[in-house]
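Below you'll find the structure, written out as structure tokens, and then a few comments.
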Amino acid sequence: MSVRVLLGLVVVLPGLLAQPAAAQTRKPTAQEVAAIRNCATKYRDDVDEGERQCVFNLVATPCTNTREGSSNIGTADCYRVEWVIWDNLLNENFKNLMGALDSQQTAKLRARCIAPTATRPAIFTWTRMAIPMGAACAARETARRALLLRFFDQI
């Protein structure tokens, strides 16, 4: 194989490998969504314990223990499924909290929550070579924010 062909593969191959991962991600099941929601509700008074009990234990880890979830791409998909659940919960918690605040508090909340959420793609870009690590990082950070907002919504 020539050097030119090898260089072409180095440039093209990572892009080709990354695309199927996104296309293969399945939607969360109703049982998976319920498991995380119930866990987040159970630990709504203790964000740290909620993270220990709820994040990855109910969806991602059991998924990675399957044949489909044991590959690099499969593991990343398992974390992405959990990420979707936490992202939906985060958005719900954000809306609920926004409805309970005055305009000054709303502005502060937007500044603290929306700006970091907008930078999520940049935060996880460095892990592109480690596809499962990037997916796990995104899921964990989204879960932390969802749990924190749920905690503040009850105060």
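Please work out which residue is surrounded by the most Cβ atoms within 10 Å (Cβ to Cβ), limiting yourself to the range 122-150 and to residues that are more than 11 Å from the chain's Cα centre (by Cα) and at pLDDT below 70. Ranking the qualifying residues of the range 122-150, first place goes to Thr127. Taking the criterion of being under 13 Å from Pro62 (Cβ atoms) and not in a helix (DSSP H, G or I), the residues of the range 26-44 that qualify are Pro28, Thr29.
Filtering the range 106-121 down to residues that are among the polar types (S, T, N, Q) and in contact with a helix residue (DSSP H, G or I) (Cβ under 9 Å, 6 or more places away or on another chain), which residue is modelled with the lowest pLDDT? Working first, answer last.
Initially, the range 106-121 is screened for residues among the polar types (S, T, N, Q), giving 106, 117, 119.
Narrowing the set further to residues that are in contact with a helix residue (DSSP H, G or I) (Cβ under 9 Å, 6 or more places away or on another chain) leaves 106, 117.
Numbers: Thr106: 77, Thr117: 52.
So, considering only residues that are among the polar types (S, T, N, Q) and in contact with a helix residue (DSSP H, G or I) (Cβ under 9 Å, 6 or more places away or on another chain), the one modelled with the lowest pLDDT is Thr117.
A Cβ distance below 6 Å, combined with a sequence gap of six or more or placement on separate chains, defines the contacts here; from the range 96-110, residues that are among the β-branched types (Val, Ile, Thr) reach residues that are assigned to a helix (DSSP H, G or I) in the pairs Thr106/Met98.
For the range 46-97, a tally of residues being within 13 Å of Ala143 (Cβ to Cβ) and among the small types (Gly, Ala, Ser) returns 2.
Scanning the range 56-77 for residues that are of a type in the set (A, V, I, L, M, F, W, C) and free of Cβ contacts under 8 Å to residues at least 24 places away in the same chain yields one hit, Cys63.
The values are calculated or read from the model by the stated rules, or taken from the named source; none is laboratory data. Remember, it's a predicted structure, so these values are computed and weren't measured experimentally. Quick reminder, even Gly has a Cβ in these numbers, built from the backbone with ideal geometry, and neighbours come from all protein chains shown.
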